1. Within the range A:87-106, is there a residue that is in contact (Cβ under 8 Å) with a residue 60 or more places away in the chain, closer than 23 Å to B:Phe17 by Cβ and not in a helix (DSSP H, G or I)?
2. Which residue, of B:Lys151, B:Lys120, B:Lys190, is touching a strand residue (DSSP E or B) at 6+ places or on another chain (Cβ under 9 Å) and more than 30 Å from A:Lys67 (Cβ to Cβ)?
3. Identify, please: which residue in the range A:24-48 is aliphatic (A, V, I, L, M) and surrounded by fewer than 23 Cβ atoms within 10 Å (Cβ to Cβ) and is, among those, nearest to B:Ser5 (Cα to Cα)?
4. Given the criteria part of a helix (DSSP H, G or I), out of contact with any Phe, Trp or Tyr (no Cβ under 7 Å at 6 or more places or on another chain) and at the interface with chain B (Cβ under 7 Å from one of its Cβ atoms), does A:Ser70 qualify?
5. Please determine, by comparing only the residues of the range B:32-50 that are in contact with a Phe, Trp or Tyr (Cβ under 7 Å, 6 or more places away or on another chain) and not in a helix (DSSP H, G or I), which one is farthest from A:Tyr13 (Cα to Cα).
6. From the list B:Lys40, B:Lys54, pick out the single residue that is among the basic types (Lys, Arg), under 15 Å from the mean Cα position of the chain (by Cα) and closer than 24 Å to B:Ala177 by Cβ.
7. Working only within the range B:4-48, note down all residues that are more than 7 Å from chain A (Cβ to nearest Cβ) and of a type in the set (A, V, I, L, M, F, W, C).
8. Residue check, A:Phe156 against (1) part of a helix (DSSP H, G or I); (2) within 28 Å of B:Ile118 (Cβ to Cβ); (3) facing chain B (nearest Cβ under 7 Å), all met but one. Which one?
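Taken together, the values in this text are just the output of simple stated rules run on the coordinates, not laboratory data. All of these numbers come straight from a predicted model, not from anything done at the bench. Virtual Cβ from ideal backbone geometry, glycine too; neighbours counted across all protein chains shown.
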Amino acid sequence: MTKLNKTRKVRKYINPYLGGVLLGIVLLAANFVSGRGLGASGAIKSAVVTTMNTVAPSASEKSGFVKEFSQSHQGSPMKTWLVFEMMGVLVGGFLSGAFAGRLKFKVEHSPSITSRKRLILALTGGVLFGFGSQLGRGCTSGSALSGMAVLSLGGFVTMMAIFGTAFALAYFFRRNWI
Amino acid sequence: MGPLSVNELISENTNLFLAFIIGIGFGFILEMSGFSSSRKLAGVFYGYDTVVLKVFFTAAITAMLGLLFFSLFGWIDLNLVYVNPTYLTSAIVGGIIMGAGFIIGGYCPGTSFCGASIGKIDALVFIGGLFIGVFIFGIGFNLWDGMYMAKFLGSPKISETLGLTDGVFAFLLIIVALGMFWVAELAEKKFPREEY
């Protein structure tokens, strides 16, 4: 294993427990600064609401989805905390990848499936995750992780539902990963 | 003192700027922990790489303990911190759909942005899927509005529901997490993979 890492110029990932402590400090900082946790799917919701308002303003006015969003957000739907945070995620991920020599365009997949199949699965998974994140009022970051940090019952329930389902279905999708 | 923006100690624009800075930290740490790789993320469900479990629970516990201690020291008013509301039905059904999306797509929303930022095309396609999924939810909102609003319990804390104090619950969660870490380390030894 050490030989393998020496031959690659790519830097290793950090210790996962250290990564967890650092991520916890970032989450704590979010709560201390803004009184809220981290998130991801909310930024996509902002972008979708903006698109709906622009493309079909009359139809989107009637949609309960847009109404619900507008009630909790004032001003432009793109000027929200999560949109700015997710722009930061793109920058931060890029910087870490650049320092570690991991910047590379590629489709990552198991050798037992084709790139095409991987992309179809990625799209399908994305559609499901996008839909589920709206129904569940947040994704792994906003509902599960941030919810757990503030001891939210819903956060723990969503976390168990996400990981429980993924574990339960893992056997059926094993060829895509192993 | 905290939360700074809720107590109006910083302006709204400063808050958004800090959101960007916090996001940089979030993305940087996700990437350097290996969350930009879908095969590394999916590893937790097969035991060959349990980085997700370790990072996720360590982060949740660190933040949870941080908030409890900050509150104890009087640095933050936890009543002003947002506690996610609990709509039991949608929390479970939404979680199940997200779990299926996770094992099929290999990412969750945050990690897909992280993967896309270093050039993972599968992550970019996953993000495309996210937009479609959110759009479908928005378009058909009236169809699942009932399920979305069902079984509203307010914003209870899990410690209250279990009849424990926050501190005791936190302590028990740490014990559970340590147990899971122990199992995770065993699993990685049992299902080793050199390169993926």
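1. No, the range A:87-106 contains no residue that is in contact (Cβ under 8 Å) with a residue 60 or more places away in the chain, closer than 23 Å to B:Phe17 by Cβ and not in a helix (DSSP H, G or I).
2. B:Lys120
3. Step by step, filter the range A:24-48, then rank; the result is A:Val33.
4. The answer is no for A:Ser70.
5. In this case the residue turns out to be B:Tyr46.
6. None of the others qualify; the one that does is B:Lys54.
7. Of everything in the range B:4-48, those that are more than 7 Å from chain A (Cβ to nearest Cβ) and of a type in the set (A, V, I, L, M, F, W, C) turn out to be B:Leu9, B:Ile10, B:Phe17, B:Phe35, B:Leu41, B:Val44.
8. Tallying (1) part of a helix (DSSP H, G or I); (2) within 28 Å of B:Ile118 (Cβ to Cβ); (3) facing chain B (nearest Cβ under 7 Å), A:Phe156 fails exactly one: (2).
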